[in-house]
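What follows is one structure encoded as structure tokens, with my remarks underneath.
The values are calculated or read from the model by the stated rules, or taken from the named source; none is laboratory data. Note that the structure is a prediction, hence the values are computed from the model and not measured. As a convention, Cβ positions derive from the backbone with ideal geometry for all residues, glycine included, and neighbour counts pool all protein chains shown.
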Amino acid sequence: MSNAPAPLPALTLVVGPEELLAERAVAAARRAVRAVDPDADVHDLAPGTLQSGMLDELTSPSLFAERRLLILRAAQDLSQPVLGEVEALVKNVPEDVCVLLVHAGGAKGKALADTAKKAGAVVVDCSEVKKAGDKLTFIAGEFRAAGRRVGQDTARALLDAVGGDLRELAAACSQLCADTTGAIDADEVRRYYAGRADVTSFHVADLALEGRTPEALERLRWALACGAEPVMVVGALANSLRGLAKLGSAPRGLSQGDLARQLGMPPWKVDSLRRQLRGWTPDGMARALTAVAAADAAVKGGAVSTAYALERALVDIGAARRDG
């Protein structure tokens, strides 16, 4: 059986707005063409640099028969007469030339994307990753590619800590793999991001709203010892409770995307709040908000012990959730 690398397709269409995925597709194409021919010519062209007649020059037969890769960026922004030349090229790609079109998707320049598909282009889908579940799958894939495995709880802890931007998630996965050894669990992720006061405070709030009062108290003491400001903890509690209240009063039957837009928060946060909402009643939320307001007054009013005021709030929130 031959171990020779597979040749890059003559025509590839990288389509969609997710820039990280598009960049990776381009990098993979570069590696693939260089694996077949280390001396391959690679031309990375943006619409502003592509002039009429340039494609004929770049794709004309070579005396040395070297392989060439043409990367045409932002293909949706091409204008005539260059657009006509690109359309002619994708319909008839010369031998020893590989063309990779990068297209943001959408209506602009759609005719060129359709032409590439009809010409038999290999399509790389770079659609925006919106659903929390898909982002959790992405996180697991990043760790798996690095030779590490993580559970669902760990992936969710990282999503909660970093947010939903794929580029930031990829960087966080890479950093965790570089800086840790052995198993990476949810507690490891939280310890790693302990220096980010906003993450620490919101983790306290998440535990409290889920009814895990003993764990919330433990995390609060640890957070305060690490320098988290009491006012930030109160702010996280208030923000999370307001999010629960907004979700609880939202219309039923909306998709996750529509619900996220209506509530003004990312889809992954909606998914997290849905889990926390179970077990809460409107009366319970009202009692919890009262407890947070009391803690806010105590913290800002210079209470003798801000730590005690926060602990009291967490206990009261737990009772509000339990007793309604």
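Tabulated data
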quantity	calculated
Residue among L273, L277, L314 that is closer than 17 Å to H203 by Cβ and out of contact with any Lys or Arg (no Cβ under 9 Å at 6 or more places or on another chain)	L314
Residue that is farthest from D41 (Cα to Cα) [pool: residues in the stretch 70-119 that are among the acidic types (D, E) and under 29 Å from the mean Cα position of the chain (by Cα)]	D114
Qualifying residue in the stretch 53-60 (condition: under 30 Å from R190 (Cβ atoms), modelled with pLDDT under 90 and among the small types (G, A, S))	no
Helices (runs of 4 or more DSSP H) contained entirely in the stretch 123-216, each with at least 2 residues that are within 29 Å of L101 (Cβ to Cβ)	132-145, 166-179
Every pair of residues 6+ apart whose Cβ atoms lie under 8 Å, when the first sits in the stretch 142-163 and is closer than 17 Å to R274 by Cα while the second is part of a helix (DSSP H, G or I) and basic (K, R)	A157/R190; L159/K135
Selection count where residues are modelled with pLDDT of 85 or more and in a loop (DSSP other than H, G, I, E, B), scope the stretch 61-75	3
Residues within the stretch 11-39 that are in a loop (DSSP other than H, G, I, E, B) and crowded, with 18+ Cβ neighbours inside 10 Å, tallied	2
Residues being small (G, A, S) and within 18 Å of A291 (Cα to Cα) - total across the stretch 222-257	6
Hits in the stretch 64-104 (condition: among the small types (G, A, S) and surrounded by fewer than 19 Cβ atoms within 10 Å (Cβ to Cβ))	A65, A74, S79, G84, A88
Close pairs (6 angstrom Cβ cut-off, 6 or more residues apart or separate chains): touching a residue at least 24 places away in the same chain (Cβ under 8 Å) and within 17 Å of L169 (Cα to Cα) in the stretch 112-136, among the basic types (K, R) and surrounded by 14 or more Cβ atoms within 10 Å (Cβ to Cβ) anywhere	V129/K135
Output for the stretch 82-105, where each listed residue is in contact (Cβ under 8 Å) with a residue 60 or more places away in the chain and in contact with a helix residue (DSSP H, G or I) (Cβ under 7 Å, 6 or more places away or on another chain)	V90, V97, C98, V99, L100, L101, V102, H103, A104
Any hit, the stretch 110-117, residues being farther than 30 Å from D258 by Cα and not in a helix (DSSP H, G or I)	no
